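To keep things clear, I will list the structure first and then write my remarks on it.
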Amino acid sequence: MANPRGRLWVTVWLVFVLAVLAWVVARQTSAHLTARRLEELRTEWSVYEAQRSALIARIREAESRAVLMPQAESLGLREPADSEIVILQAPAPRRR
Amino acid sequence: MARPFLRLQLVQVVFIVGFLGLLGRAAQVQLFQGAKHAAAAAAERTERVELPARRGSIFDRKGAALALTQEVFHVGVAPNELDSLAADSRILSQELGVPLRTVQQRLQARWAYFAGPYNSLVVQPLRGMRGVHLDGEQVRFHPHSDLARSLLGHPAAEGRPASGIERVMDTLLAGVPGTAVVLRDRRGNLYQSPARLNAFPVPGHDVYLTLDGDLQEIIEQALTDALEQYEAEGGDMVVLDPVSGEILAIASGGEGGSNALTGVFEPGSTAKLFAAAALLTHRLVGSTDSVWTEEGEYDLDGRIIHDDHPEGWLDLSGVFQHSSNIGMVKLALRLSADLQYEMLRDFGLGTPTGVEYPSESSGTLKPPSQWSGTTAASVAMGYEVAVTALQLAQAYAAIANDGVMMQPTLIREVRSPEGVVVRRHTPQPVRRVVSPAVASELRSLLRGVVYPGGTGETAALTSYEVAGKTGTVRRAGPGGYIRGSYTASFVSMFPADDPQLVMVVKLDDPQGNYARLSAAPVTRRVLEQVLATQLGPLDRARLTTSQVTAEPQVVAEHGTATWLSPFPVVQAVDSGGLEVVPDVTGLTLRGAARELHKLGFRVQAIGWGVVDSVAPAPGDSAAIGSVVTVTASERNPPR
C-alpha cells in the first residue's frame, strides 16, 4: 500500500511546479507583448517626431522674412522708416 | 537459478553505472561547464545592441529650434522575400519617391539598397512589408536650413570631426547610450526583450544660445544683400548686448571660410577709439586742444600719411568726425608705446575673448619691444594690429557699458532632458577698461561721427541717435598691401545714449571702398529692421527715452527728455511739401499716429490714453516729415 501522504506531497509539488511554470510562461508572454507594444510606441513616437520636425521647418519658413516680406510688399505694405515707429509706453498700474 | 540472478544483477549494475555516468556528465555540463554553454546558447539566440541616446537640441534665446535630432532610415530590400515583386515595386516607388523604372532595375539584383535618408513618415507604410529592411540612424535636422549654420557646426560623424557649437558642447549634447540584449530568431530578426535591458539611454542636454533668431535672420540677409550690392569678397557681422556680453547675432559670408570669430583684419580707423581712450584716461588731451592736420598730407619721419578728407585745425572730436589719420597720429605721439600697448591690451586686443567656440583667433598685437619706429603711429590708425569682428565688438561694448568690458558668450542656458536649468549665463565682467567719465566722452566722440559731415553720417537714423566709427583700411596680401583693395568696417552703438546693441559690420573689398558708402548704410538698414521687428533683446521702454525730438520746448515742458540732438530730425524734414495737420483729437494714440504717418508726419506722443491736443493745431500747415506732437490723457483710457 502506497503512502497517501506521499501521494499528496507529490501532487502538491507537481501543482506547485506547474504553477511556477505557468507563471514564468505568463510573465514571458507579457514581457514579449510589452516589448512589442514598446516597439510600436517607439515607432509611433518616431513618426510624430518626424511630423513635428517637418511642421517646425514649415512654420519657420512660413514666418521667415524671406517669405513674408515679398508677400507684404505685394499687399502694398512696406517696412516702416524709423521715424514712423512710435513707441507708446503704457503707464505703470496704479496701486489700489 | 544462480545464473539469471547474476544476469539481473549485472543488468542492474550496468544501469546504475550508466545512470551514474549520465548524472556525472550532467553535473559536468551543468555545474562546471554551465556558464560556457549558457553563453553559447545565448549567443545563438540573443544579440547585445547599443541603444543610441537622443542628442540634445539647440535653440535660440527665445526657444526656437535651431538644431534637432531626427531618426532617419536607409531602406534595404531582399527581392526574393517580397510577396509580390510588381505590387511592392509600385509601393516602394511611391513611398520613396524613386521612379518605378529605377526601383524595378534595382530589384533585379539580390539586394537593393535605397540610401535616402528617409524619415519615419516616409518609411511608415513600408514597416511590416516582407523583404523590406529598415536601417535607422539619428541625424541632425535644422528646421531653418541656413540660419547660423556655420556657427552651429555639425556633430562628429565617420571621418569628419565635429565643429562649431556642436563640438564645444558635445559632452553635454551627446547623452549616454544605453545597452540591451535582444532576442534573435533563426532568420536574424531581432526582438526586444525588456527583461534584458541593461541600461536605459540618457538623452543629451538641450542648449539655449544667446542668438536671437529674428535678428540673426535680419543680419544674415543684410550681409547677403551687402555682399551682392557692393560686390564684396566677404564680410562679417556681429551684434552684441554690451551689458550682458551676450552675442545676439553673428553672421559671415563670402569667400575664405573664416568667420567673425576666426578671421582677423586690421581695424583701421575703428581703432582710433583705443588711442583716444588712452589720451583721455591719462589726460593727455583737453577739450580745447587742437592739432594741425596738414590739409591732408603729413610726412612723419619719411612716411607719408594721408587723410581722405583734408582739413586744417581739428580738436579730438573733429579728428573723430573726419577720421583724420594725421590728427590721430599727432595726438597719439603724446602717448608712450607702453601706454598705448596697455590700453590696447585692456581692450582685449591680442587675446581670445574666450567665447564658447573652437579655434577662436586671438588676433595680433605685438609687444612694444617688437615695435619699429612707425608702429606707434600705425597702431593709432589701426594698422599693424589685427582683430576679429567679435574682439572689436567686445571692445566697443566696453565703452557702451560705461567702461566695463564683459565676457562675450554664445550660451544662455543649458537644460537637462527633464527641462531643469543646469546652467544659466550670468554676465561676467572681465575688467574695467576706462572710467565711466572717459567712456561717456568716448561715446560723445562716436556720436559726432554720425552727425552731418561725419564719416558715419550714412548710418544716421531719423528718430534715434546712433554712435559709431568707420574704418577703411587697405587689405594686406602676400606681397604687402594691395592697391585699390580695402576692408570697410563700421562699429556702432544703438542708441547712442544708454546703448542696447553694439554692432560690427565688416566688408572685404567692397566696390565703393569706403565704409561710409558701404558698411555704414548697411548698419542703418539693419537698425531700421530691428526697430520694425518685435525683438526680445531690444528694451523698448528704455528706447523711448532715447528718441530724438524736433520740438525741444514741448518736451522740456513735459520733462520727458533731458537731452536733445540738433541733427537727425532737421534732415528728415522734407521742405518740398506742406500738408494740413488733421484733427486727431479723440482718437487713441495708435490711431492718431497712424493717421499722421499716412500724411508723412512724424509723431511725438506724450501721455497715455485718448488724444487731447495736437501741435501744430489741426488745420495748420506743416512740412511733410516734421514732428506733430499729440498729447493724450488717461481720463478715457483706450480699451
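For every other residue with a beta carbon closer than 12 angstrom to the beta carbon of B:THR270, add +1 if it is Lys or Arg and -1 if Asp or Glu, then tell me the sum. Walk me through the numbers on the way to the answer.
Details: positive: B:LYS272, B:LYS469, B:LYS506; negative: B:GLU266.
After counting each charged neighbour, the total is +2.
Rounded, prolate or oblate: pick one for chain B, where a ≥ b ≥ c are the square roots of the eigenvalues of its C-alpha gyration tensor, a/c under 1.5 means rounded, and failing that, prolate if a/b is larger than b/c, else oblate. Kindly include the intermediate steps, with their values, before the conclusion.
Working: a/c = 2.85, a/b = 2.10, b/c = 1.36.
Cα axes put chain B in the prolate bin.
Among B:PRO99, B:GLY373, B:ALA251, whose Cα projects farthest towards the positive end of the dipole of chain B, with charges put on the beta-carbon of Lys, Arg (+1) and Asp, Glu (-1)?
My answer, from the dipole projection, is B:PRO99.
Quick one: grab the alpha carbon gyration tensor of the stretch B:293-343, order the square roots of its eigenvalues as a ≥ b ≥ c, and give me rounded if a/c is under 1.5, else prolate or oblate depending on whether a/b is larger than b/c.
Numbers: a/c = 2.52, a/b = 1.39, b/c = 1.82.
Note, shape of the stretch B:293-343 comes out oblate.
What is the magnitude of the charge dipole of the protein assembly as shown about its Cα centre, with +1 placed on the Cβ of each Lys and Arg, -1 on the Cβ of each Asp and Glu, and no other charges, expressed in debye to the nearest 20? Numbers along the way, then the final one.
Values: 69 positive and 77 negative charges, 1151 e Å.
The dipole of the protein assembly as shown has a size of about 5520 debye.
Give me a single rounded figure for A:32-39: the average over its residues of other chain Cβ atoms within 10 Å of their Cβ. Before the final figure, lay out the partial values.
Values: counts 6, 0, 4, 9, 2, 0, 3, 3.
Per-residue shielding by partner chains comes out at 3.
Which percent of Cα pairs goes in each bin when the distances of the stretch B:37-89 are cut into 5 angstrom slices starting at zero?
So the P(r) values, bin by bin, are 4, 12, 10, 9, 10, 12, 15, 11, 9, 6, 3, 0.
Kindly rank A:18-26, B:394-402 from highest to lowest mean number of other beta carbons found within 10 Å of each residue.
On the way: A:18-26: 10.0, B:394-402: 26.9.
By packing density, highest mean first, the sequence is B:394-402, A:18-26.
Compare the peptides B:433-442, B:95-104, B:267-276, B:410-419 by average per-residue count of other Cβ atoms within 10 angstrom and give them in order, highest first.
Numbers: B:433-442: 18.7, B:95-104: 14.8, B:267-276: 27.5, B:410-419: 16.3.
Top of the packing list down: B:267-276, B:433-442, B:410-419, B:95-104.
With labels modelled as points extended 7 Å from the Cα through the Cβ direction, what inter-label distance (nm, one decimal) is found for B:ARG184 paired with A:ARG78?
7.0 nm
Taking the dipole about the Cα centre of the protein assembly as shown, with the C-beta of Lys and Arg at +1 and of Asp and Glu at -1, give me whichever of B:GLY448, B:MET343, B:GLY363 is farthest to the positive side.
Value computed over the given set: B:GLY363.
Which percent, to the nearest 5, of DSSP beta bridges fully inside the protein assembly as shown are antiparallel? Show your work: numbers first, answer last.
Numbers: 92 of 101 bridges.
For the protein assembly as shown, the DSSP antiparallel bridge percentage is about 90.
Using only alpha carbon pairs under 8 Å that are at least six residues apart, calculate the relative contact order of the stretch B:49-209 and give it in whole percent. Mind dumping the intermediate values first?
Numbers: 297 pairs, mean separation 55.8, N = 161.
Value for the stretch B:49-209: 35 percent.
To the nearest Å, what is the center-to-center distance of the stretch B:491-506 and the stretch B:297-372, using C-alpha atoms only?
21 Å
Calculate the mean, over all residues of peptide B:597-603, of how many other protein chain Cβ atoms lie within 10 angstrom of the residue's Cβ. Please list the in-between numbers first.
Values: counts 6, 1, 0, 2, 2, 6, 5.
Mean shielding count: 3.
If I model a spin label as a point 7 Å beyond the Cα along the Cα-Cβ vector, how far apart are those points for B:THR351 and B:ASP583 in nm?
6.7 nm
Name the residue farthest towards the positive end of the dipole of chain A from the options A:LEU18, A:PRO70, A:VAL86, assuming +1 on Cβ of Lys and Arg, -1 on Cβ of Asp and Glu, about the Cα centre.
Result: A:LEU18, furthest along the dipole toward the positive end.
Do you know the relative contact order of chain B, to the nearest whole percent, from alpha carbon pairs under 8 angstrom that are 6+ apart?
Details: 1337 pairs, mean separation 70.9, N = 639.
So the answer I get is 11 percent.
Output the 0 to 90 degree angle, nearest 10, between the alpha-carbon long axis of helix B:85-96 and the longest principal axis computed from the alpha carbons of chain B.
Compared with the principal axis, the helix lies near 30 degrees.
Quick check on the stretch B:49-209: take the gyration tensor over C-alpha atoms, sort the square-rooted eigenvalues as a ≥ b ≥ c, and tell me if it's rounded (a/c under 1.5), prolate or oblate. Could you put the intermediate results ahead of the total?
Numbers: a/c = 2.72, a/b = 1.53, b/c = 1.78.
Taking the square roots of the gyration eigenvalues as a ≥ b ≥ c, the stretch B:49-209 is oblate.
How high is the relative contact order of the stretch B:138-240? Use alpha-carbon pairs under 8 Å, at least six apart in sequence, and give a whole percent. Please report the intermediate quantities before stating the final value.
On the way: 97 pairs, mean separation 19.4, N = 103.
Rounded, it is 19 percent for the stretch B:138-240.
Enter the angle in degrees (range 0 to 90, nearest 10) between the Cα long axis of helix B:213-229 and the first principal axis of the Cα atoms of chain B, meaning the one along which they spread out most.
Roughly 70 degrees between the two axes.
Where the centroid of each part is defined by its Cα atoms, how far is the stretch B:452-482 from the stretch A:49-86 in Å?
After rounding, the separation between the Cα centres reads 31 Å.
Give the peptides B:498-504, B:31-37, A:46-52 in descending order of average Cβ contacts within 10 Å, highest first.
Answer by packing, highest mean first, reads B:498-504, A:46-52, B:31-37.
Hey, got the dipole for chain B? About the Cα centre, +1 on K and R Cβ, -1 on D and E Cβ, debye to the nearest 20?
Working: 55 positive and 67 negative charges, 861 e Å.
Charge dipole, chain B, about its Cα centre: 4140 debye, nearest 20.
Round to the nearest 10 and give me the degree value, 0 to 90, for the angle of helix B:34-45's Cα axis relative to the longest principal axis of chain B.
70 degrees
Averaged over its residues, how many other protein chain Cβ atoms are within 10 Å of peptide A:74-83's Cβ atoms? Don't jump to the answer; show the numbers that get you there.
Numbers: counts 0, 0, 0, 0, 1, 6, 5, 10, 18, 18.
Mean inter-chain Cβ contacts per residue within 10 Å come to 6.
Calculate for chain B the 222 nm mean residue ellipticity that helices alone would give, adding -39,500 (n - 2.57) per DSSP H run of length 4 or more and normalising by residue count, nearest 500 deg cm²/dmol. Numbers along the way, then the final one.
Numbers: 21 runs with 200 residues, N = 639.
Calculated at 222 nm, the ellipticity per residue is -9000 deg cm²/dmol.
Is there a quick way to get the dipole size of the stretch A:4-76? I mean about its Cα centre, with the Cβ of Lys and Arg at +1 and of Asp and Glu at -1; what is the value in debye to the nearest 20? Spell out each step's value before the answer.
On the way: 10 positive and 7 negative charges, 145 e Å.
My answer is approximately 700 debye.
Given H placed on each backbone N at 1.01 Å, which residues far from B:LEU578 in sequence or on other chains put an amide H within less than 5 Å of it?
B:ILE624
Each value in this text was obtained by applying a stated rule to the coordinates, not by laboratory testing. From a predicted model like this one, the values you see are computed outputs, not experimental measurements. All Cβ positions, glycine included, derive from the backbone under ideal geometry; neighbour counts span all protein chains shown.
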